[in-house]
Amino acid sequence: MSYVIDYGWTSFNKFGEELCGDNVAITKKGDYTTLVLADGLGSGVRASILSTLTSKILTTMISNDIPIEDCVETIIETLPVLKNRGVAYSTFSIIHLNNQGKGFLFEFDNPRYILLRNGKYFELESKEIYILEKKIFVTELLLLKNDYIVVMSDGVPCAGTGITLNYGWQREDIISYLEENTNTTMSASSVANILASASEDLYLHEPYDDTTVAAIKFREEVVSNVLIGPPANREDENKYLLDFFGVEGYKIVCGGTTSKIVASHMGEQIKMELESKDKDVPPIGYIKGIDLVTEGVLTLKKLLELVKEYINIHSTVSKNFTKKDGASLLADYLLEKSTTINFFVGQAINDAYKSLQIDGMLKFKLVEELSNILRSIGKKTTIKYY
């Protein structure tokens, strides 16, 4: 069984500030994923500079196996000193993890991590080390399937202080909230978003501190295979179908003509919904043995809208897709369920596009843009053209 590191984060600014004083940086090198959440002193431009420098320097150094002692010394020597306070300061949480679930967590002055295992809080043993008189928590990681590590800036425990809560959001209450509102089927992005959204609610949507939540999930690789449009040449149809059915994973078919080709190949009938669950998205269909059947270009256009909203790290809109229209169902497969997406794209141009005044190249542009976005959030993505 192959495992992967799934990650995501949500961040919002202190009310009235254009820039966030928190920053998350992620890098992948070899078998390792390195995530750094840094929180710069204060807020606004200076805090943003401090956190950005910290996260970029630490991801680069840690991913190159430079000892944490050298990393911290470099940060202290590199960060610009604030004239009014005489200090250069940024807290940080570092997750350095390989695809076997082994690695380390380093924490300096951020709220302590939360590990969820089987939906419940689980505590790992940590040790304290001192580097240039700064206390660093070091935790050795050995994750199990569907474990989540959640890290955050201090905007989360400060949420609601003096507004909705007398003394802020206590750690035990944050843990309880995560236990009650998450489950092991969710992506790391969804888990991070749920906690950040709740924090924003406690601030009554006028946060007086920058707030960021990042999460990593150790999960099995899950593949979705998406067939879009018939091949340019009829003689390529057999290879096109053999390639699509020859790969394990979810099977998704987009487009009316494509659906007919697949149904005929499988000796099955297509059953169509009488009406769509969303006025902007055509109805879905059903073919026995296929996980999802949708219309083509119009559904892909709506899908792209949903994907862009999903990857917006400053949006606390839910990342769980509860609607049952074709675009929402497709988004759930690609963004939440899957870690690897294979697009099988036929290059035939639909004659109906001309009468509908649809760009004949739109299908290819949509697939390319979707693929690029999916790669940018850590999904393994391939495109094959026929």
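Just one of the listed residues (E128, E107) is loosely packed, with under 13 Cβ neighbours inside 10 Å and not in a loop (DSSP other than H, G, I, E, B), namely E128.
Could you please give the count of residues in segment 213-253 that are assigned to a helix (DSSP H, G or I) and not aromatic (F, W, Y)?
9
When residues in segment 145-163 are screened for being in a loop (DSSP other than H, G, I, E, B), open to solvent by less than 10 Å² (accessible area, probe 1.4 Å) and hydrophobic (A, V, I, L, M, F, W, C), 2 of them pass. If you go through segment 110-125 and keep only what is more than 21 Å from the chain's Cα centre (by Cα) and either of a type in the set (V, I, T) or not in a strand (DSSP E or B) (or both), you end up with N110, P111, R112, F122, E123, L124, E125. For segment 130-149, indicate whether the set of residues that are under 21 Å from G101 (Cβ atoms), without any contact (Cβ under 8 Å) to a residue 40 or more places away in the chain and among the acidic types (D, E) is non-empty. Yes - at least one qualifying residue is present in segment 130-149. Residue count for segment 302-314 satisfying the condition of being closer than 30 Å to D22 by Cα and outside any loop (DSSP other than H, G, I, E, B): 8. All but one of (1) more than 24 Å from D31 (Cα to Cα); (2) modelled with pLDDT of 95 or more; (3) open to solvent by 50 Å² or more (accessible area, probe 1.4 Å) hold for L142; which doesn't? Every condition holds for L142 apart from (1). Here S197 passes the criteria (1) more than 21 Å from S338 (Cα to Cα); (2) in a strand (DSSP E or B); (3) hydroxyl-bearing (S, T, Y); (4) within 21 Å of the chain's Cα centre (by Cα) except the one numbered (2). Considering the conditions (1) outside any strand (DSSP E or B); (2) open to solvent by less than 10 Å² (accessible area, probe 1.4 Å); (3) of a type outside the set (K, R); (4) free of Cβ contacts under 8 Å to residues at least 60 places away in the same chain, L178 is excluded by exactly one of them, (4). The combined condition, being within 25 Å of V213 (Cβ to Cβ) and open to solvent by 70 Å² or more (accessible area, probe 1.4 Å), is fulfilled by E309. Considered as a group, the residues in segment 186-236 that are open to solvent by less than 10 Å² (accessible area, probe 1.4 Å) and of a type in the set (D, E, K, R) include one that is modelled with the highest pLDDT, and that residue is K217. Any residue that is over 30 Å from A198 (Cβ atoms), without any contact (Cβ under 8 Å) to a residue 40 or more places away in the chain, open to solvent by less than 50 Å² (accessible area, probe 1.4 Å) and not in a helix (DSSP H, G or I) - is there at least one of those in segment 288-301? So far as segment 288-301 goes, yes, one or more of its residues are over 30 Å from A198 (Cβ atoms), without any contact (Cβ under 8 Å) to a residue 40 or more places away in the chain, open to solvent by less than 50 Å² (accessible area, probe 1.4 Å) and not in a helix (DSSP H, G or I).
Mind checking whether some residue in segment 74-96 is of a type in the set (A, V, I, L, M), surrounded by 15 or more Cβ atoms within 10 Å (Cβ to Cβ), at pLDDT 95 or above and within 28 Å of L142 (Cα to Cα)? Yes. Note on segment 254-287: among residues that are among the polar types (S, T, N, Q) and assigned to a loop (DSSP other than H, G, I, E, B), the one that is surrounded by the fewest Cβ atoms within 10 Å (Cβ to Cβ) is Q269.
The values are calculated or read from the model by the stated rules, or taken from the named source; none is laboratory data. No experiment lies behind these values; they were computed from the predicted model shown. So basically every Cβ, Gly included, is an ideal-geometry build from the backbone, and we count neighbours across all protein chains shown. Heads up: the accessible areas ignore ligands, DNA and RNA and are worked out on the full protein's heavy atoms, side chains in. Shrake-Rupley method; radii C 1.70, N 1.55, O 1.52, S 1.80 Å.
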